[in-house]
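Colleague: The structure that follows is given in the form of structure tokens.
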Amino acid sequence: MDRRSFMGALGAGMAAASGLARAQGGPTRIIVGATPGGGTDTVARMLAAQLANYVPGTYVVDNRPGAGGNIAAQAVAHAEPDGRTLLVCYTSHAINATLYGNLSFDPVKSFQPIAYVASAPSILVAHPSVRANNVKELIALAQARPGTLNIALPGIGSAGHLCAEVLKEETKVDLVLVPYKGTAPAMTDVLGGQVQLMFAGAALARPQLEGKTLKALGVSSARRMEILPAIPPIADTLPGYDFNAWYGLLGPAGMDGGLADRLSAATGRILADPANRKRLMDEGLIATGSTPDGFRQFLVTEVNRWGQVVKASGARAG
């Protein structure tokens, strides 16, 4: 055996031994800052069920909702960096860095990025009584009737809230922002016509659009969604508008880089499976995948970008 073959075999053996040691040492917890159900939990359970096919071990989901995902993030940031504690994070992980003033962790430095898992564009939906069928018509309507159009916010500092803030700022129209404690009550009032507009995830919006109880004015991504191809991007009217929710996989800082690489590669293989891509698409998510370094760069950009929006809005929590 030549030196190159020997080193390759040695590396493979070490990786296998590392995986076996982890498998024998107990389960790996994938912590989620949300209750069961919904996008974050769906992503975590898909990974937990399939990661062992590529990186030996037992993976279990640990739901720890509260404080906009900060409880879960803090648990992972302060965990031993042995690869047994992971986090499926959401857009709020980047938003909270500015929204909260007293976090005990840094959203980038306290973690080992593993993979950017999926993006989740939002749909700007309207009650059927709104006399606008796209963003251009909405702007004209709001200019003609300033202060009469309300947009529901599914929580202060949520992606839906900040998408609305950017829309209001870029169009310079007088939209009244109405905060709610959660997506469900916000959607209930939009369906009832008490509030006219809302940014909603595709999975939530789709049945309402198909039932014609709501109509779509635009999608927050720069391109049309495969699941709802008839909806034009808001960017067609407001060039550069591209604000999406997303999901990623993190470990604590100090975690072995080789393990992060293997988990990232495994996540990529899971996301390449057509059945998994469809499962995510049905939830309004678009499978992405990335290297650890790619996700780190993305995370830094998102913290800065959402931070600017939070500061401009004046929103605070905690």
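The values are calculated or read from the model by the stated rules, or taken from the named source; none is laboratory data. Because the structure is a prediction, the values reported are computed rather than measured. Every residue, glycine among them, receives a Cβ derived from its backbone with ideal geometry; neighbour counts consider all protein chains shown.
Colleague: Please determine whether any residue of segment 92-110 is crowded, with 23+ Cβ neighbours inside 10 Å, among the aromatic types (Phe, Trp, Tyr) and under 30 Å from SER220 (Cβ atoms).
Modeller: For segment 92-110, residues crowded, with 23+ Cβ neighbours inside 10 Å, among the aromatic types (Phe, Trp, Tyr) and under 30 Å from SER220 (Cβ atoms): absent.
Colleague: Just checking: which of the strands (runs of 3 or more DSSP E) contained wholly in segment 144-201 hold 2 or more residues that are more than 22 Å from ASN244 (Cβ to Cβ) and modelled with pLDDT of 95 or more?
Modeller: Counting at least 2 such residues, we get 149-153, 175-179.
Colleague: Another question about this same structure. Counting only residues that are over 16 Å from LYS168 (Cβ atoms) and in contact with a helix residue (DSSP H, G or I) (Cβ under 9 Å, 6 or more places away or on another chain), which one in segment 131-151 is surrounded by the fewest Cβ atoms within 10 Å (Cβ to Cβ)?
Modeller: Out of the qualifying residues, it is ARG131.
Residue by residue, here is whether (1) within 25 Å of GLY25 (Cβ to Cβ); (2) not hydrophobic (A, V, I, L, M, F, W, C) holds:
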site	(1), (2)
ALA79	yes, no
LEU87	yes, no
ASN96	no, yes
LYS109	no, yes
PRO128	no, yes
ASN134	no, yes
ARG145	no, yes
SER158	no, yes
ALA164	no, no
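Colleague: Within segment 69-78, can you find the residues that are of a type in the set (A, V, I, L, M) and buried (at least 19 other Cβ atoms within 10 Å of the Cβ)?
Modeller: ALA72, ALA73, VAL76, ALA77
So that you can scan it fast, the table gives a plain yes or no per residue for (1) under 14 Å from ASN150 (Cβ atoms); (2) under 23 Å from the mean Cα position of the chain (by Cα); (3) crowded, with 22+ Cβ neighbours inside 10 Å:
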site	(1), (2), (3)
LEU167	yes, yes, yes
LEU177	yes, yes, no
TYR180	yes, yes, yes
MET187	yes, yes, no
GLN196	yes, no, yes
ALA203	no, yes, no
